[in-house]
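The values are calculated or read from the model by the stated rules, or taken from the named source; none is laboratory data. Not measured: the values here are computed from a predicted model. Quick reminder, even Gly has a Cβ in these numbers, built from the backbone with ideal geometry, and neighbours come from all protein chains shown. Ligands, DNA and RNA are excluded from the accessible area calculation, which covers all protein heavy atoms including side chains. Shrake-Rupley method; radii C 1.70, N 1.55, O 1.52, S 1.80 Å.
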Amino acid sequence: SQELEQSPQSLIVQEGKNLTINCTSSKTLYGLYWYKQKYGEGLIFLMMLQKGGEEKSHEKITAKLDEKKQQSSLHITASQPSHAGIYLCGAWTGNQFYFGTGTSLTVIP
Amino acid sequence: GAVVSQHPSRVICKSGTSVKIECRSLDFQATTMFWYRQFPKKSLMLMATSNEGSKATYEQGVEKDKFLINHASLTLSTLTVTSAHPEDSSFYICSAGGGQGRSSYEQYFGPGTRLTVT
């Protein structure tokens, strides 16, 4: 099965700072999804990347899928307390959808 | 996007009892539903894949006799936690996908069910 390793596992940043979360796959990615969640709540879809080199942005969040399609990065600019939560990457392996190991983000006001 | 509901959203049960969680696709027929489990501050772990009309496929390490999954119709899958114990307390999320006119890679997540076993 495909393994999706996220780094860092947890992150604490001061409000206003930029940050990057990485998602590394053990296999070639044919589509990579990013979600945000708070434990006990539903998933918020952020974006999906399919092509190597593709980059998408939504408000202050930018995600990119590297050329070799085995890693994706999520970058948050000028973080705010509302960005706090668990960030999850996810991808299909055959007919199953797996999530990455997750990154817990805390933003200190 | 499509709508997937889960019921109940929260449930508290006593140790030793069984709890059933429902996952419904409200506006489309889902050929495949997935069940995930999440511990606090952890990621979502795929438990099983449920295909309508056939037995669920469980991920390694998931006890199929403990977590009974039934996908009797194209709009409903159920997860029953049998003889629940405190360590079964978790957040459970389902997702639904596939069906007529939809790619099997197009899936929608339910809002989740928080189970607490006392």
- Query: Using a 4.7 Å Cβ cut-off, which Cys residues in the protein assembly as shown lack a partner cysteine?
  - Reply: B:C13
- Message: Going Cα to Cα from B:K64, which aspartates and glutamates come in below 14 Å? Please leave out same-chain ones fewer than 8 positions away.
- Response: B:D88
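Residues of A:71-83, mean number of Cβ from any other protein chain within 10 Å of their own Cβ, rounded to a whole number?
Numbers: counts 0, 0, 0, 0, 0, 0, 0, 0, 0, 0, 0, 0, 0.
Going residue by residue through A:71-83 and averaging, the value is 0.
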- So, relative contact order of chain B in percent, Cα under 8 Å, 6 or more apart, is 36 percent
- At least 40 Å² of accessible area lost relative to the chain alone, listed for region A:88-109 with a 1.4 Å probe: A:W92, A:Q96, A:F97, A:Y98, A:F99
- Query: Could you list, bin by bin from short to long, the percent of Cα-Cα pairs of the protein assembly as shown in 10 Å steps?
  - Reply: 8, 32, 35, 20, 5, 0
- For a label point 7 Å from the Cα of A:T106 along Cα→C-beta, name the residues of region B:22-61 whose backbone N is under 15 Å from it. B:41-42
- Note on the structure: Rounded to the nearest Å, the spacing of the alpha-carbon centers of region A:27-71 and region B:65-99 is 27 Å
- Message: Could you derive backbone 3J(HN,Hα) for region B:81-92 from the dihedral phi with the Karplus parameters 6.51, -1.76 and 1.60 (θ = phi - 60°), listing whole Hz in sequence and x where the residue is Gly or Pro?
- Response: 8, 8, 6, 5, 10, x, 6, 7, 4, 5, 9, 10
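Considering only protein heavy atoms and a 1.4 Å probe, what is the carbon-and-sulfur percentage of the accessible area of region B:1-81? It would help to have the intermediate numbers written out before the result.
On the way: 2170 of 4290 Å².
Carbon plus sulfur share of accessible area: 51 percent.
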- DSSP loop (so not H, G, I, E, B), at most 14 other Cβ within 10 Å: list which chymotrypsin sites (Phe, Trp or Tyr not before Pro) in region A:16-51 pass both filters. A:Y30
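Taking DSSP loops as anything outside H, G, I, E and B, show the longest stretch in chain B free of trypsin sites (Lys or Arg not before Pro) there with at most 11 other beta carbons within 10 Å. Present the calculation step by step, with values, prior to reporting the outcome.
Working: sites that count: B:K14, B:K41.
Longest stretch, sites excluded: B:42-118.
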- Restricting to Cα pairs under 8 Å and 6 or more apart, the percent relative contact order of chain A works out to 37 percent
- Query: Mind listing which chymotrypsin sites (Phe, Trp or Tyr not before Pro) in region B:1-61 are in a DSSP loop and have 12 or fewer other Cβ atoms within 10 Å?
  - Reply: none
- Could you list the trypsin sites (Lys or Arg not before Pro) in region A:1-58 that lie in coil according to DSSP, counting only those with at most 16 other Cβ atoms within 10 Å of their Cβ? A:K17, A:K27, A:K38, A:K51
- Query: Ballpark to the nearest 100 Å², how much total accessible area do A and B bury together, probe 1.4 Å?
  - Reply: 1800 Å²
- Item | Largest-first principal axis extents, alpha carbons of chain B, Å | 43, 25, 23
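So, with a 1.4 angstrom probe, what is the percent of accessible area on chain A that is carbon and sulfur? Please list the in-between numbers first.
On the way: 2530 of 5340 Å².
Reported share for carbon and sulfur atoms: 47 percent.
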- Task: Work out the count of Lys pairs in chain A where the Cα-Cα distance is under 22 Å, with the pair 8 or more places apart or on different chains.
- Result: 23
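Please give the per residue accessible area of the protein assembly as shown, computed with a probe of 1.4 Å over protein heavy atoms only, in Å².
Numbers: 11070 Å² over 227 residues.
Here the per-residue accessible area is 49 Å².
In peptide B:38-48, how many Cβ atoms from other protein chains are near each Cβ within 10 Å, on average? Write out the running numbers ahead of the final one.
Working: counts 7, 1, 4, 6, 7, 16, 11, 3, 7, 0, 1.
Across the residues of B:38-48, the mean count of other-chain Cβ atoms within 10 Å is 6.
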